[in-house]
Amino acid sequence: MDELQLTHAVNSWAGRHDGPEDAISAYAAASEALFLLLLATLFFVVWGRMRSVARRAAVAAAASAGVALAIGQVLSRLVDRPRPFVAHPDLVHLFAPHAADASFPSDHTTAAFAIATAIALRNRLWGAFALAAAAALGASRVVIGVHYPLDVLAGAALGAGVALLLALPPARRVTDRIADATGAAFDGLAGRARAATGR
């Protein structure tokens, strides 16, 4: 089974099953906000002995996603692959509105795996959750007709690869310093705010 056949198979399956299709489409639409919420939770909400680890993971994840997406934009322009719903409108149904821009690699999957891998390198439990969410996101992009499987696999490899590179000691020291400095600044602001309100 080639890429187009696989894309058509999962896409047409979703078209025949409204319940799963609705859930998959909803997750695909909400995934960007969910990953941003995950980063915000790690940086602002986690306290106690894991606070420093969580903040460092959040900053490393954000940096990894930013670098990976920038590389992805270059690749997208070089490859300029039409999306499946554009190239094969007779075979692939688009379940949600989407721009007809280049398909390779998947930006959403690139960012999700960059974030998830960076988190996994700091904490296995958080990382397992994030990697599962990233994998589900990548699959959903194929199901709803906006990517081929190779777009998603390339995005996953790019995101994870950049996160691994930024985990090397020179880059890790930089992201750790940024996390510690911004975390200290936030704590200072929060402390002054509590003092001002008498709490």
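Some notes on this structure:
- Among the DSSP helices (H) of the chain, those spanning at least 24 angstrom by Cα along their long axis with an average Kyte-Doolittle hydropathy of -0.5 or more are 18-40, 51-79, 124-143, 149-166, 169-196; this is a geometric and hydropathy rule only.
- When semi-axes √(5λ) of the Cα gyration tensor in Å is computed from the coordinates, the matching label among (i) 36, 19, 14; (ii) 27, 24, 18; (iii) 23, 20, 16 is (i).
- Gain on full stretching of the segment that runs from Leu164 to Ala9 - 0.36 nm per residue minus C-alpha separation: 52.5 nm
- Highest to lowest packing among 117-123, 179-185, scored as the average C-beta count within 10 Å: 117-123, 179-185
- Every pair of different Cα atoms in region 42-98 enters the Kirkwood calculation, which places the hydrodynamic radius at 14.7 Å.
- Under the combined filter of DSSP loop state and at most 11 neighbouring Cβ atoms within 10 Å, region 5-78 retains these chymotrypsin sites (Phe, Trp or Tyr not before Pro): Trp47.
- Accessible carbon and sulfur surface of the chain relative to its total accessible area, %, 1.4 Å: 69
- Mean residue ellipticity, 222 nm, helices only, the chain: the sum of -39500 (n - 2.57) across DSSP H runs of n ≥ 4, divided by residue count and rounded to 500, is -25500 deg cm²/dmol.
- Average accessible surface area per residue within the chain, 1.4 Å rolling probe, Å²: 51
- Euclidean distance between Cα centres, region 1-67 to region 78-102, Å: 21
- Between Ala99 and Ala132, the modelled label-to-label distance comes to 3.3 nm, taking each label 7 Å out from Cα in the direction of the beta carbon.
- In this simple spin-label model, placing a label point 7 Å from the Cα along the Cα-to-Cβ direction at both Leu91 and Met50 gives a separation of 4.5 nm.
- Largest first, the three principal axis extents of the alpha carbons in region 43-152 are 55, 25, 20 Å in whole numbers.
The values are calculated or read from the model by the stated rules, or taken from the named source; none is laboratory data. Please read all numbers here as calculations on a predicted model, not as lab measurements. All Cβ positions, even for glycine, are placed from backbone atoms using ideal geometry, and neighbour counts span all protein chains on display. Ligands, DNA and RNA are stripped out before the accessible areas are found, and what is left, the full protein with its side chains, is counted by its heavy atoms. Shrake-Rupley method; radii C 1.70, N 1.55, O 1.52, S 1.80 Å.
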